[in-house]
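> Structure incoming, see below.
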Amino acid sequence: MQTAVTVALATLATGLAFVALLSLARTRKVTRRFRTLEQIAAVGDHEIPLEGAIAAIERVLVPALADRCTVDTAAAAGVERRESSTEISMPLRARGQAIGVLTLGLEGSGRRYGTGDFRFVRVLAGRVALALDNAGLFSDLHRSEQARAEIAETLQRGLLPPPLPHIPGWSAAAMYRPAGAENEVGGDFYDAFPVAGGWMIVIGDVTGRGARAASVTAQARYTLRTAAVLTGDPLVALATLNRALLARRDSALCSVAALSLSEDPLQPVRLAVAGHPPPLLVDGATVVETTAAGPLLGAFADAGWALETVPVAPGQQLVVITDGITEAAGPGGRFGEERLREELAGATSPSLAVRRLEGALHDFTNGILDDDAAILAVARSTEPGVGGAGVSLSAIQPLAAA
């Protein structure tokens, strides 16, 4: 009797141990499956390209759940679920649409799929589809951002101020530097073109940045050029641009300084300034403003501007900047008017004035600008009948002293 009881107890203990081991195995299997679902979800949480997400999903599932894994995003249409002891194919659906197929296969490991595996893969397919959908959205966003960057870079390169032309009887120099990344279009510009009886040089600053600023910059440059070429009058050019900016559906503001140079360099320069830092007359150590600034372009329909005449004697020069120079930030605050005049004082030629000012700006800001910067300088040529084309430094190189 005692022996039978002992045997029964032993059998019961063995059965309980087997049940405990089976329960432990099932618990571990469930734990592994939850961990797999968490790892798949984590793939979708990271901003990686679609191809990278597919590779990450395959690394999670092989060899934990399969000997081979294929995620095919090109075979979504018309695929039905297929289940066998060695392969499972499951359509992937996200936001109500088929986006691909997940295929898991068993080959050399000796494992087989059962009913529980089929049910798990159905749940798994939902997580995989969500991860791929998120990665696809990121890839679309990335491509869109790349496209916008390429467009902005193309606009910027197309709007870079051209090299200054040969201007008989005059010497000129210029510089333009954009702030921010290379593909970020700025709003500063300058231009020089022939008009009846001489030449016109303009420098301007459009509010804002990016593609919108680029469109306003292009409109400003070509409106000024067209109006000036047709009339030769700086005031008409400013008024024409003012009307064009007011006619835009969006608010567009622009400051401009226009200098009209006569074919005869003995004649004074005619100036018209709209909301722009006034041109400076540099005469040795003396640096003075030549005129007051009129209203900003694009702000008032009834705005008017004055036309000033400024004689430029041999040894003197006119220097015009955008406010990205004086407003440039450095360890000591702003670059400012006083430092601007100190750097220009004693400059004997436009090219020297531009180089000195550019070098000082670089040193003050450590080469990092928070706004676009442009400089334009013009003087009577030291040799009769000889004109100088100044440097129009590349806008996509780091700021550096010439």
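The values are calculated or read from the model by the stated rules, or taken from the named source; none is laboratory data. Small disclaimer: the values here were computed from a predicted structure and weren't measured. Counting neighbours? That spans all protein chains shown, and the Cβs are built from the backbone with ideal geometry, glycine included.
> Looking at (1) under 15 Å from F120 (Cα atoms); (2) modelled with pLDDT of 85 or more, which is the one condition that is false for A56?
(1)
> Where in segment 254-373 are there strands (runs of 3 or more DSSP E), lying fully within it, with 2 or more residues that are closer than 26 Å to R209 by Cβ and assigned by TED's automatic domain parsing to the domain that holds I167?
254-262, 269-274, 316-321
> May I pose another question? Between residues in segment 335-362 that are of a type in the set (V, I, T) and residues that are surrounded by 16 or more Cβ atoms within 10 Å (Cβ to Cβ) and outside any loop (DSSP other than H, G, I, E, B), which pairs lie under 6 Å by C-beta distance while being six or more apart or on different chains?
V354/A173; V354/M175; V354/I375; V354/A377
> Also, I was wondering about something else. Working carefully through the options E182, E153, find the one that is of a type in the set (D, E, K, R), assigned to a loop (DSSP other than H, G, I, E, B) and either closer than 21 Å to G367 by Cβ or at pLDDT below 70 (or both).
E182
> Can you find, within segment 112-122, the residue that is farthest from I54 (Cα to Cα) among those that are in contact with a helix residue (DSSP H, G or I) (Cβ under 9 Å, 6 or more places away or on another chain) and surrounded by 13 or more Cβ atoms within 10 Å (Cβ to Cβ)?
Y113
> Just wondering, is there one or more residues in segment 92-99 that are at pLDDT 90 or above and buried (at least 19 other Cβ atoms within 10 Å of the Cβ)?
The answer is no, given that none of the residues of segment 92-99 is at pLDDT 90 or above and buried (at least 19 other Cβ atoms within 10 Å of the Cβ).
> Which members of segment 279-295 meet the condition of being crowded, with 18+ Cβ neighbours inside 10 Å and modelled with pLDDT of 95 or more?
P279, L280, L281, V282, V287
> Moving to a separate point now. Please indicate, with yes or no, whether at least one residue in segment 217-238 is at pLDDT below 90, in contact with a Leu (Cβ under 9 Å, 6 or more places away or on another chain) and either closer than 20 Å to E308 by Cβ or among the small types (G, A, S) (or both).
yes
> Say whether the condition of being modelled with pLDDT of 90 or more and among the small types (G, A, S) is met by at least one residue in segment 377-390.
Checked segment 377-390: at least one residue is modelled with pLDDT of 90 or more and among the small types (G, A, S).
> Which of the residues spanning segment 258-288 are within 20 Å of G197 (Cβ to Cβ), among the aliphatic types (A, V, I, L, M) and touching a helix residue (DSSP H, G or I) at 6+ places or on another chain (Cβ under 9 Å)?
Scanning segment 258-288 gives A258, L259, L271, A272.
> Determine if segment 13-28 includes at least one residue that is at pLDDT below 85 and under 30 Å from D133 (Cβ atoms).
no
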